Amino acid sequence: MNYIIAIDQSTSATKAVIFDEHCHLICRKNVSHKQYYPQLSWVEHDAEEIYNNTVEAIKEAVSTIQGDNISYSLAITNQRETAVVWNRFTGKPIYHAVVWQCQRGADICEDLKQRGYTEMIRERSGLLIDPYFAASGVKWILDNVEGAREMADKGELLMGTIDSWLIWKLTGGKEHVTDYTNASRTLLFNIHTLDWDDELLKLFNIPRNMMAKPLPCDSLFGETTIEGLFDKPILIAGVLGDSHGALAGQMCFEAGMGKATYGTGSSVMVNIGEKAINAPEGLVTSVGFAAQGKLFYAFEGNIHCTGATIAWLAENLKLINSPSEVEQFALSVPDNGNVYLVPAFAGLGAPWWNPQAKAMICGMTLATEKGHICRAALEAIAYQIKDLLDLMTNHANIALKELRVDGGPTKNKLLMQFQADMLNACINRSDVEEASAMGAVVMNGLARKVWKDFNEVAALRTSDNRIFPNMPDDVRSRLYAGWTEAVKTVNRK
C-alpha cells in the first residue's frame, strides 16, 4: 500500500492526516502548540515546538497503520503568512515565529502607505500593504533582534513561511524551498514573474539570500527520514498554503469555480483563470495553485461574521440554546417578515468597507417573532457571501460555475438552499473533512505521477451533494434589494 502523509500545520495545531492513493482518509493525529502574546495585538509561535509537534504527529499517525510492503510520501499545507527567521548554520530560530494575526508590523506598513507605495506593491504582489502578510514581521525581527541585521547582511540567516521551515528541518538543512502559493502571501513575491521581487525586498530591507527557492505546488521538494522514523528517505512532494489547499482539495480546477469555508467567519476564494487581474478594493489576488505546467490565479476575501452571528444569538442574546437550534426556529416562519440582520460586529467588509459601521436588526414590527430574527441571521450569511462573489466574478468578468462549500454551517439545509437561491448557482456541499490536507494530497499525487492530469484527479471526487437554485427571479431580486437597503442604513457615516 502507498500512503500519503499530509501535514496540515494550522494556527492552533499541527495535524498529520494519512490518505491512500484513492484520496480516502485513513487516520489523523492532532498536536496543539502554545500561543504567545508578548504585547497587546502581538502573536507569536515557537517554530521549534511546531517542528517537534510535526514529527510527533507523523509518528503517532504512522503507528496506527498495520501491514507489510507499505510506502509513504509526505505533503504539506500550512498557515500561510506566519514567518520564521533562523540561522542557517545552527538551525535555530533567532526569534519566535511572527504569526499572521500579529499587528507589530502596523507602523512599517503605514509608513509604506504614506510614502505612496500602495499601488506599486499591489501591482506586483497582488496584495494590500498589511501586517497580516509576512514581510513586515520579518523586517521587524531584523530591525529589533540584537545582531539580526548584521547576521542577515553576512548571509547567515534564512527566512520562510512555515512550509519552508518544516522542509528545511525535515531535510536536515539541505532544501530551502517554498511553493508559489505561500510565496504569494509574503508581500515580497512578484505574482507575474513568479520570483522574489528585488524592489519589494529592498522596500522591506530583506536580503535576497534569505529567501527560499519558489516552486510549483506539484514539485518534489526534498527527501526526509522524519528524524529516523523511516530507514530510507521518503519524498516530500506537494506543498501549498491552507486556503489554496482547500481550493485544490475541492477540485476547483477551472476558472469560475470557487470555494467558501463557513466557520466563525468565511473564507471565499474563486479561481479566476491563468491571467492575473488586480483584485477589487479590499480583496487580494494570489496564486491559486500551480501544477501540471499551469498556474491559476485566485481572488480571495474574508467575511468577519458568519457562524459568529449564530453564536451571538445563542451566547449573547440567549435567543436560542445553541447554534444547532437556529434552523428549526428559522423554519417556524414562512419568510423573513422583512426583517434583516446586518452583522457588522467588526465593521462592514467587502464591498462596503466601513470599519466604523455597527451591527443592526431592522424591519421589525409587533408581529416579529424569534423565528424571523433567526431566519434573518441565517440569510445574512448568504447575502454576505453573495456580496463577495458578485464583486469577484463581475470584476474578473467570469460567471460563477459552482461554489463548493465546507465547514460546520453547511449542514444547515435552509442556509445552503438560500445560498444557492441568492447566487442563482449550484452549491456543491463537500463531504471532504480535511479539504486543505486533501489539496496537498492532490499535489503530491500529481508530483509523483500517480495521476496524469486534473481530470483524473477530479474523477476521485466520489460524492457530490449539489443544491440547485429554485427561487423565482423576482423574489430573489426583492429579497436582495431589502438586504442592500439594510446595509445602506448601517453604512451611513
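Place a +1 charge on the Cβ of each Lys and Arg in the chain and a -1 charge on the Cβ of each Asp and Glu, then give the dipole magnitude about the Cα centre in debye, rounded to the nearest 20. Spell out each step's value before the answer.
Values: 46 positive and 58 negative charges, 106 e Å.
About 500 debye.
Beta carbons within 10 angstrom, averaged per residue: use that to sort the peptides 126-139, 196-209, 268-281, 58-71, highest first.
Values: 126-139: 24.6, 196-209: 16.8, 268-281: 19.6, 58-71: 12.8.
The peptides rank, most packed first, as 126-139, 268-281, 196-209, 58-71.
Counting pairs of alpha carbon atoms under 8 Å apart in space and at least six apart in sequence, what relative contact order in percent does region 109-263 give?
Details: 200 pairs, mean separation 31.8, N = 155.
Relative contact order here is 21 percent.
I'd like to know how region 336-422 sits against the 2.2 N^0.38 Å rule of thumb: what's its Cα Rg over that expected value? Don't skip to the answer; put the middle values down first.
Working: Rg = 14.3 Å, N = 87, 2.2 N^0.38 = 12.0 Å.
That works out to 1.19 for region 336-422.
Two decimals is fine: what is log10 I(q)/I(0) at q = 0.10 Å⁻¹ for region 1-158, from a Debye sum with one equal scatterer on every Cα and no solvent?
-0.48
Would you tally the net charge around V43, using a Cβ to Cβ cut-off of less than 15 Å, leaving V43 out, and scoring K and R as +1, D and E as -1? Before the final figure, lay out each step's value.
Details: positive: K34, R80, R104; negative: E44, D46, E49, E81, D130.
Once all neighbours under 15 Å are counted, the net charge is -2.
Quick check for me: using +1 on Lys/Arg Cβ and -1 on Asp/Glu Cβ, what's the dipole size of region 256-320 about its Cα centre, in debye to the nearest 20?
On the way: 4 positive and 4 negative charges, 28 e Å.
It comes to approximately 140 debye.
Can you compute the equivalent ellipsoid semi-axes for region 74-162, i.e. the square root of 5 times each eigenvalue of the Cα gyration tensor, sorted largest first and rounded to whole Å? Walk me through the numbers before you get to the answer.
Details: eigenvalues 108, 58, 27 Å².
Ellipsoid semi-axes (Å, largest first): 23, 17, 12.
Just the accessible area per residue of the chain, please: how many Å² with a 1.4 Å probe? If you can, show how the numbers build up before the last one.
On the way: 19860 Å² over 493 residues.
Here the per-residue accessible area is 40 Å².
Can you tell me the dipole magnitude for region 268-387 around its Cα centre, using point charges on the Cβ only (Lys, Arg +1; Asp, Glu -1), in Debye to the nearest 20?
Working: 7 positive and 10 negative charges, 27 e Å.
About 120 debye.
Could you tell me what a quarter of the Cα convex hull surface of region 375-443 works out to, in nm² with one decimal place? Spell out each step's value before the answer.
Numbers: hull surface 21.3 nm².
Directional mean of the projected Cα hull area for region 375-443 stands at 5.3 nm².
Work from the charge dipole of the chain (Cβ charges, +1 for Lys and Arg, -1 for Asp and Glu, about the Cα centre) and give the residue of Q103, W140, W165 farthest towards its positive end.
Q103
Mind checking the full-extension length gain between E456 and D473? Use 0.36 nm per residue of separation minus the Cα-Cα distance, one decimal, nm. All intermediate terms of the calculation are to be shown ahead of the outcome.
Numbers: separation 17, 0.36 × 17 = 6.12 nm, distance 3.68 nm.
Additional length available on full extension: 2.4 nm.
Mind listing P(r) for region 258-376? All alpha-carbon pairs, 5 Å bins, whole percents.
Once binned at 5 Å, the Cα pair distances of region 258-376 give 2, 11, 15, 17, 16, 12, 10, 8, 6, 3, 1, 0, 0.
Just to verify a number: FRET efficiency for N144 and N394, C-beta to C-beta distance, R0 = 51 Å, to 0.05? Intermediate results must be reported in sequence, preceding the final value.
Details: r = 43 Å, r/R0 = 0.84.
Approximately 0.75, to the nearest 0.05.
For the chain, give the percent of accessible area contributed by carbon and sulfur heavy atoms, probe 1.4 Å, rounded to a whole number.
49
Could you calculate the contour length gain from D198 to A346, that is, 0.36 nm times the residue separation minus the distance between their Cα atoms, to one decimal place in nm?
Values: separation 148, 0.36 × 148 = 53.28 nm, distance 3.61 nm.
Length gained, D198 through A346: 49.7 nm.
Taking every alpha carbon pair in region 350-400, what does the distance histogram look like in 5 angstrom bins from 0, in percent?
Percent of Cα pairs in each bin: 4, 15, 19, 19, 16, 12, 9, 3, 1.
Choose one of N190, S219, V342: the residue whose Cα lies farthest towards the positive end of the charge dipole of the chain (beta-carbon charges +1 Lys, Arg; -1 Asp, Glu; about the Cα centre).
It is V342.
For the chain, what is the mean residue ellipticity at 222 nm derived from helices alone (per DSSP H run of n ≥ 4: -39500 (n - 2.57); sum divided by total residues; nearest 500 deg cm²/dmol)? Let's see the in-between values first.
Details: 16 runs with 165 residues, N = 493.
Value at 222 nm, helices only, nearest 500: -10000 deg cm²/dmol.
For region 222-316, taking Cα atoms only, what is the radius of gyration to one decimal and the Dmax to the nearest whole Å?
Rg, Dmax (Cα atoms, Å): 17.8, 55.
Give me the percent relative contact order of the chain, please, defined on Cα pairs under 8 angstrom at least 6 residues apart. Let's see the in-between values first.
Working: 1091 pairs, mean separation 69.9, N = 493.
The value is 14 percent.
Name the residue farthest towards the positive end of the dipole of the chain from the options N321, I70, V457, assuming +1 on Cβ of Lys and Arg, -1 on Cβ of Asp and Glu, about the Cα centre.
The listed residue farthest towards the positive side: N321.
Diagonalise the Cα gyration tensor of region 122-254 and give the resulting equivalent ellipsoid semi-axes, square root of 5 times each eigenvalue, largest first, whole Å. Before the final figure, lay out the partial values.
Details: eigenvalues 129, 93, 26 Å².
Working through the eigenvalues yields semi-axes of 25, 22, 11 Å.
For N465 and N316 in the same chain, what is the full-extension length gain: residue separation times 0.36 nm, less their Cα-Cα distance, in nm? The partial results should precede the final answer.
Values: separation 149, 0.36 × 149 = 53.64 nm, distance 3.35 nm.
Value of the extension gain: 50.3 nm.
What's log10 of I(q)/I(0) for region 127-189 at q = 0.23, 0.30 Å⁻¹, Debye sum over Cα points only, no solvent?
-1.07, -1.18
State the Kirkwood hydrodynamic radius of the chain in Å, one decimal place, computed from all pairs of distinct Cα atoms. Don't skip to the end; give the middle numbers.
On the way: mean 1/r = 0.0427 Å⁻¹.
With all distinct Cα pairs of the chain included, I get 23.4 Å.
With label points built 7 Å along Cα→Cβ from the Cα atoms of D111 and N278, find their separation and express it in nm.
Here the answer is 2.6 nm between the modelled labels.
Which of the lysines could a cross-linker bridge to K232, judged by Cα under 24 Å and excluding same-chain residues fewer than eight apart?
K15, K29, K59, K169, K174, K449
Evaluate region 255-303: find the radius of gyration of its Cα atoms, find its Kirkwood radius, and give the ratio Rg to Rh.
Values: Rg = 11.1 Å, Rh = 11.2 Å.
Rg/Rh for region 255-303 comes to 1.00.
For region 209-261, what percent of Cα pairs sit more than 17 Å apart? Write down the numbers at each step before the final one.
On the way: 768 of 1378 pairs.
Roughly 56 percent, rounded to a whole number.
Would you list, by chain and number, the lysines whose Cα falls below 21 Å from the Cα of K202, excluding same-chain residues fewer than 8 positions away?
Output for K202: K113, K139, K154, K213.
The values are calculated or read from the model by the stated rules, or taken from the named source; none is laboratory data. Since the structure is predicted, the reported quantities are computational estimates derived from the model, not experimental observations. Note: ideal-geometry Cβ built from the backbone for every residue, glycine included; neighbour counts use all protein chains shown. Heavy atoms of the whole protein, side chains included, go into the accessibility calculation; ligands, DNA and RNA do not. Shrake-Rupley method; radii C 1.70, N 1.55, O 1.52, S 1.80 Å.
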